[in-house]
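Here the structure is laid out as structure tokens; the discussion comes afterwards.
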Amino acid sequence: MFEHHFVIRGHDQAEHARHYLSGLLGTQRRKNLERIEADVAESDYEGMQQFISNSPWDHRAVMGQVAQRAEAAMGGQEDTALYVDETSFVKKGTASVGVQRQYCGRLGKLENCQVGVFAALGCGSRTALVDFRLFLPEAWTQDAQRCAKVRVPEAERVHRTKTELALAMVQAARTRGSSHRWIGGDEVYGNNHAFTTALDDLGEVFLMDVASNLRVWTADPCPPVAPADRGGRGRPRVRLQAQPAAEAVKVDALTGRHFATEARAMAIRATAKGERRARVWVRRVWVWDGEAPTARARLLVVRQEADGTFKYSLSNAAAQRFWIERGFQDAKSELGMAQYEVRGWVGWHHHMALVCLALLFLLEERQRVHPQIPLLSARDIVELLAIYLPRRPRDEAEVLRQMQRRHAARQRDLDRCRSGPPSLPSTLLPK
């Protein structure tokens, strides 16, 4: 079904794709190229390395088909949503594309990492990653030599904020026919007035988390202007005063005034442990950046969790929310999403596309057998594939072969970094 994407200039590289996907879907703790080659029968390290890092197959075409299949599986339903979110990949050094010391959401602090912005199509508890963009910090886009070294295309050497990348993915989703009913995102996106305004202008319905200290207005701070009453005197136009008077207040302070008396208990969603309920309070508020001629009306949705903490969201319509983080969790814990060892633009995008393809496979399999096995997890499928997919034999000869190959690769790295004779004992080198 996807094989045609990997036939390049008459050369069929689909076998490398199968081997790489088999490795991602394997049970090995680490899923870099070295471990995939050691795990998957008949796979070739050098061939897969070229396939991931240098082959000209188009990751965008692969992702287009992934998105089409996700739409077929989950599109057109009342709770079909498009989620936007970012995830980070901790990396050492400064050579990998887009890496620098920046905020790492995974660790909750500044760290040397890469950041990707992703879009996922979801319906209920099911999600599939359908698009992604690598975030390039300004320091990278201002360094042409550095971009050229990792083969960043000329057209991509422009700094775009995370919200600009997310907006581009929303527009791309609609262009390819996505039938999502609303868009969800976390505080990075919900706190960004320009982003939510752009979604509003595109006619998108959204529910975005916001920070507790975000200021909203209790009434319209930019009420309509009354028409001039000429009366022969041509009096100047005057503003109508909002009733009650508009007040800017933090969402947690506003919640403190009203939640206890106005919140209602309601069902949030069904879970494996039964129906999940929470206390929810909804109020109409306005957001305004102090510069636009008009403010935007929003719904402030406040939910009190079981542990007593509050979750704050803004919407231009009421909606239900499920999280893209579940897709990240499966992709990182089961499919080696963060375990790549490629440095270039092409390699990063190729790896992510194949991870998204593997995640789509898990979604479709779980959906196919759901009537018979409703609790089937991503981990269950990975463990079953360990039986059905061909793996290399783990005998003494194979272990020694893999060890010799690793030692030879490490020696080559050492030789590139310094001059002089090799320092490793010759007995560890391949015969």
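The values are calculated or read from the model by the stated rules, or taken from the named source; none is laboratory data. Remember, predicted model here, so these are calculated numbers, not experimental data. Because the Cβ atoms are built from the backbone with ideal geometry, glycine has one as well, and the counts that use them run over all protein chains shown. Each accessible area value is taken on the protein alone, full model and side chains, heavy atoms only, with ligands, DNA and RNA left out. Shrake-Rupley method; radii C 1.70, N 1.55, O 1.52, S 1.80 Å.
Between Thr197 and Val369, the modelled label-to-label distance comes to 5.1 nm, taking each label 7 Å out from Cα in the direction of the beta carbon.
Rounded, prolate or oblate, given the Cα gyration tensor of the chain, with a/c below 1.5 counting as rounded? It comes out prolate by the Cα gyration axes.
The number of Lys pairs in the chain with C-alpha atoms less than 20 Å apart, excluding pairs fewer than 8 positions apart on the same chain, is 13. With a 1.4 Å probe rolled over the protein heavy atoms of all chains, the accessible area of Ser55, Ser212 falls in the order Ser212, Ser55, largest first. Relative to the longest principal axis of the Cα atoms of the chain, helix 162-175 runs at roughly 90 degrees.
For the chain, the carbon plus sulfur part of the accessible surface works out to 51%, probe radius 1.4 Å. Length gained on full extension, Glu3 to Ala41: 11.8 nm, using 0.36 nm per residue less the C-alpha separation.
Helix 396-417 axis versus longest C-alpha principal axis of the chain: approximately 70°, rounded to the nearest ten.
Over the chain, dividing the summed -39,500 (n - 2.57) contributions of all DSSP H runs of at least 4 residues by the number of residues returns a 222 nm mean residue ellipticity of -11500 deg cm²/dmol.
What the phi angles of region 119-130 give under the Karplus curve with 6.51, -1.76 and 1.60, with θ = phi - 60°, is a coupling list of 10, 10, 8, x, 8, x, 8, 9, 9, 9, 6, 10 Hz, glycine and proline written as x.
When GluC sites (Glu not before Pro) are flagged only if DSSP places them in a loop and at most 14 other Cβ atoms lie within 10 Å, the longest unflagged stretch of the chain comes out as 79-246.
By how many degrees, between 0 and 90 and to the nearest 10, does the Cα long axis of helix 325-334 differ from the longest principal axis of the chain? The helix 325-334 is inclined about 10 degrees to the chain. Using the Cβ-Cβ distance between Ala317 and Arg392 with R0 set to 45 Å, the FRET efficiency works out to roughly 0.25. Rolling a 1.4 angstrom probe over the protein heavy atoms with all chains in place gives the chain an accessible area of 52 Å² per residue. Applying the criteria of a DSSP loop state and at most 11 other Cβ atoms within 10 Å to the trypsin sites (Lys or Arg not before Pro) of region 308-414 yields Arg394.
Taking all protein chains together, Arg69, Arg215 sort by accessible area into Arg215, Arg69, largest first [probe 1.4 Å].
Between Arg151 and Ala409, the distance separating the two model label sites (each 7 Å from Cα on the Cα→Cβ line) works out to 1.8 nm.
With each label modelled as a point 7 angstrom along the Cα→C-beta vector, the Glu111-Ala260 pair spans 4.0 nm. The stretch between Asp143 and Ala73 holds 21.0 nm of extra length on full extension. This uses 0.36 nm per residue minus the Cα-Cα distance.
Placing R0 at 41 angstrom, the Cβ-Cβ distance between Ala292 and Arg30 gives a FRET efficiency of 0.25 after rounding to 0.05. For the pair region 1-76 / region 323-388, the C-alpha centres are spaced 12 Å from each other. Per-residue accessible area (protein heavy atoms, 1.4 Å probe) orders Leu384, Leu136 as Leu384, Leu136, starting from the largest.
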